[in-house]
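Taking it in order: structure first as structure tokens, then the write-up.
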Amino acid sequence: MKNLQEYFEIGQIVNTYGIKGFVKVVPFTDDIKRFENLKTIYIDFKGNLILMTIDEVSYSKTNVLLKFKEAPDINMVEKYKGCYLKIKRAEAVKLPENSYFIADLIGIEVQTEDGRVLGNVDDIFKTGSNDVYVVKDDLGKQILLPAIKEVIKTIDIENKKMIVNLIKGLE
């Protein structure tokens with residue numbers, strides 16, 4: 001596979017928590033218990049990836065609380081506020097068939113079944129029943145495509161191409 005993202009963002013440190021070196025993380029994953037299966041994680045600190053060993057995982061409402069072996073107190077983690085947490089692609093969860101990582105879909109070219117280019121996937125947001133792909137063309141015009149079988153016909157991550165059927169009401 002060519003040009004696939006090597007690291008995935010799985011959360012953002014939004015604050016410290018207590019004085020013992022915990023950080024409060026907003027998770028970017030559907031399963032927040034996922035952090036319990038990680039031994040290490042990377043902090044993206046000013047463009048450098050710093051490998052940290054996870055010492056402890058707990059939870060506060062919808063947030064994850066992490067403590068790192070390398071940073072045993074609040075003074076050592078305070079500088080990481082606002083930083084993103086990343087893992088290597090190889091450590092990512094295995095997805096079910098016909099499921100994709102958001103990072104692999106962003107930027108992919110979207111065409112109709114007759115070859116007309118609609119633009120590129122610019123964003124993805126979740127609704128109750130299915131995801132919605134925000135497709136933007138060169139002029140900034142947006143089309144919202146529900147991620148359902150009737151609309152999304154094929155996704156080719158390797159060639160960065162999605163073929164869609166514009167059902168009535170989408171154009």
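Using the number of other C-beta atoms within 10 angstrom as an exposure proxy, rank 135, 77 with the fewest first.
135, 77
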- First select every other residue whose beta carbon is under 15 angstrom from the beta carbon of residue 78; then total the charges, Lys and Arg +1, Asp and Glu -1. +4
- Message: Placing +1 on the Cβ of each Lys and Arg and -1 on the Cβ of each Asp and Glu in region 102-164, which of 119, 132, 107 has its Cα farthest towards the positive end of the resulting dipole?
- Response: 132
- Note on the structure: Over the Cα atoms of the chain the radius of gyration and the largest Cα-Cα distance (Dmax), both in Å, equal 19.0, 60
- Message: Out of all Cα-Cα pairs in region 102-164, roughly what percent, to the nearest whole number, are more than 17 Å apart?
- Response: 31 percent
- Assertion target for 68, 45, ordered by fewest C-beta neighbours within 10 angstrom first, is 45, 68
- Message: Using the Cα centre of the chain as the reference point, and only Cβ charges (+1 on K/R, -1 on D/E), how large is the resulting charge dipole? Debye, rounded to the nearest 20.
- Response: 480 debye
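Could you work out [θ]222 nm for the chain from helices alone, using -39500 (n - 2.57) per DSSP H run of at least four and dividing by all its residues? Round to the nearest 500 deg cm²/dmol.
-500 deg cm²/dmol
For region 1-77, count all C-alpha to C-alpha pairs, find those more than 19 Å apart, and express that count as a whole percent of the total.
Roughly 33 percent, rounded to a whole number.
Values quoted throughout were computed directly from the atomic coordinates according to the rules given, and no laboratory measurement underlies them. Quick caveat, the model's predicted, so the values are computed rather than measured. Because the Cβ atoms are built from the backbone with ideal geometry, glycine has one as well, and the counts that use them run over all protein chains shown.
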